[in-house]
Each structure stands twice: as C-alpha cells, then as structure tokens.
Amino acid sequence: MPPPLTDRGAVDAALSACAGGDPATFGPVYDALAPVAHGTALGVLRDPDHAAEVTQEVMVEVWQTAARFDPARASARTWVATLARRRAVDRVRAEQARRDRDQRDLDASVAGAPHDVVAEDVERRLEGAAVRRCLDSLTATQREAVVEAYYGGRTYREVAERLGAALPTVKSRIRDGLGRLRDCLGVARG
C-alpha cells in the first residue's frame, strides 16, 4: 500500500493521473480528498449521514470528471471542497423544497378535508332541541316576546305594537326571558 498523499503537488498530480480512467490511480486520490469533501459537506449540512452521502456523490463526480481538473486554477483540495460545498448547498435546498412541498400538501389536505356533516347536523339538532325545551320553560308572554324579537327579527317597538303591549313591558319580558334562557342553556353571563 503506497503512503498517503499529503503534499499538494502529489495530490494534484495523482488527480490529473486519474483522468486516464485507471482505477488504481484513484485509490490514493480518494484517501487524500474524501476527508476534504466530508469535512466541507458536514460543515454545511451538520448531519453526518447526509454529509457521508454528499461525500460519496462528490468522490464519484471527482472520478468521472477528473479530466476537468486544472491545477493552474486551483489545488485538488480546493476543487474538491468547491464540489462538496455546491453539492451540500444543493442538498439543503432540496431538503427545504421537500419540506415546503410536504407542508403545502398537508395544509391543502387539512383545508380541503370534508367536514363531518353528520356530526354537525346532530349537534345543530341537539342545540335546537335544547333551545325549544328552554323556550317552553318561559312564561307565555316572555316566550311570545322573545320569539317575535329573535326569530321574527322585529325591533322592540315592532314587538310591542304586534303584541299590543307597552314598550317598557316588552323590553322587560324580553330581558327576563333571555335571562331565563341563558340559565336554562347553561350559558355563562359575560
């Protein structure tokens, strides 16, 4: 086993030699540059598993594109660190895009979820039955005034005219009737 490449010129020369496609020349290059790729990826990703995947992708790219390496422009370590950084940033962006897409899908599924129509209908009927039961507990004059005002949509004055009663009397009947309804329905006073 040859000694590890530590000298910049030796690593650059070994990487240039890989361009010929000889697998035997790639072993020392991998040993010298994989830690550079992993360290760079880990610095961006902060996740050892993702960094290991990116390192593998980068080293495959180094093997496949060794002919593109130009020692006049940068050292082999700088070139690999640049490849690793780009891949790691792409991974971060892809992960964020996936999370955003998953969140949009979740939001759409929750917003578009059908309501439980049966449960809503049962609840509405139960509430209606409770209101009718409580209306029956009012005196006849209170019930008549409350029904005219709230179900008939009439003003106090219109209820008074319709019932032939004085306005203050109608107001008292409605106020007292609403108080009894509130107590009967168990509504807390505000």
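Within the listed set Ala66, Ala24, Ala88, the Gaussian network model of the chain (springs between alpha-carbon atoms below 10 Å) gives the highest mean-square fluctuation for Ala24.
Of all accessible surface on the chain at a 1.4 Å probe, what whole percent is carbon and sulfur?
53
Of the residues Val147, Val89, Val36, which exhibits the maximal mean-square fluctuation in a Gaussian network model of the chain defined by a 10 Å Cα contact cut-off? Result: Val147 has the largest fluctuation of those listed.
Close amide H pairs (under 5 Å, H built 1.01 Å from N) link Phe69 with no residue at least 5 positions away or on another chain.
For the chain, the dipole from Cβ point charges (+1 on Lys and Arg, -1 on Asp and Glu) about the Cα centre works out to 1200 debye, to the nearest 20. For the stretch 119-190, the solvent-accessible area with a 1.4 angstrom probe is 68 square angstrom per residue.
Hey, can you find the accessible area per residue of the stretch 18-78 for me, probe 1.4 Å, expressed in square angstrom?
Working: 3240 Å² over 61 residues.
For the stretch 18-78, the per-residue accessible area is 53 Å².
Packing-based ranking of 163-173, 49-59 yields 49-59, 163-173, ordered from highest to lowest mean Cβ neighbour count within 10 Å.
Each helix, a run of at least 4 DSSP H residues, gives -39500 (n - 2.57); summed and divided by the residues of the chain, these come to -25000 deg cm²/dmol at 222 nm.
Over the stretch 11-58, what per residue volume does the convex hull of the Cα atoms give, in whole Å³? Don't skip to the end; give the middle numbers.
On the way: hull volume 3.3 nm³, N = 48.
Taking the convex hull of the Cα positions in the stretch 11-58, it is 69 Å³ per residue.
Per residue, the convex hull spanned by the alpha carbons of the chain comes to 242 Å³.
The values are calculated or read from the model by the stated rules, or taken from the named source; none is laboratory data. The model shown is predicted, which means the values in this text are computed figures rather than measured ones. Virtual Cβ from ideal backbone geometry, glycine too; neighbours counted across all protein chains shown. Surface areas here come from the heavy atoms of the whole protein model, side chains and all, with no ligands, DNA or RNA. Shrake-Rupley method; radii C 1.70, N 1.55, O 1.52, S 1.80 Å.
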